[in-house]
Ligand SMILES: [Cu+2]
């Protein structure tokens, strides 16, 4: 391949690679990584969003609340097994220990979007505002992504 063409192709891949990284946001000592939401089935009024928060600082922080224009209300939920029943319940916040990553992922903590303004469709994105005890507030964008190898969580409330 001609050298200049090779550069052109490499440049194109770089451009295409940007949207995948665009959900990563830095707020002080916090890195908010891979914010995403799952598509909702027709008629569903609730959806779930996930993200990973890496606290690179030497002091603990805490995720206090999440808000979004995409839903009438937003709760932070935990998911636990009670007997053989999966139970979800709101939690008051999530502790972010120093030098640690906390994942809000399928099977555990998640952001619950209640009374969605419209269904979540793959390829769309929704805004989330995260409020932290120490670091303040930041806006992130969650892309609506299909289920991958990580599997899906059932969010029927
Ligand atoms: Cu939930």
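Below, the figures for the structure above:
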read-out	value
Residue within the stretch 58-72 that is within 15 Å of the chain's Cα centre (by Cα) and on the phi > 0 side of the Ramachandran plot present	no
Within the stretch 75-100, considering residues that are under 19 Å from residue 128 (Cα atoms) and away from the ligand (no atom under 13 Å from the Cβ), the one surrounded by the fewest Cβ atoms within 10 Å (Cβ to Cβ)	92
Residues that are on the phi > 0 side of the Ramachandran plot and within 16 Å of the ligand (Cβ to nearest atom), drawn from the stretch 31-55	none
Residue under evaluation residue 139, criteria (1) surrounded by 16 or more Cβ atoms within 10 Å (Cβ to Cβ); (2) modelled with pLDDT of 95 or more; (3) farther than 22 Å from residue 59 by Cβ, criterion not met	(1)
Tabulated pairs, the stretch 97-125, first more than 17 Å from residue 51 (Cα to Cα), second within 13 Å of the ligand (Cβ to nearest atom) and in a loop (DSSP other than H, G, I, E, B), C-beta under 7 angstrom, 6+ apart or interchain	115/45; 116/40; 116/45; 119/40; 119/44
Residue that is surrounded by the fewest Cβ atoms within 10 Å (Cβ to Cβ), among those in the stretch 37-65 that are modelled with pLDDT of 95 or more and out of contact with any strand residue (DSSP E or B) (no Cβ under 9 Å at 6 or more places or on another chain)	58
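The values are calculated or read from the model by the stated rules, or taken from the named source; none is laboratory data. None of these values were measured; they are calculated from a predicted model. Backbone-built Cβ (ideal geometry, glycine too); neighbour counts: all protein chains shown.
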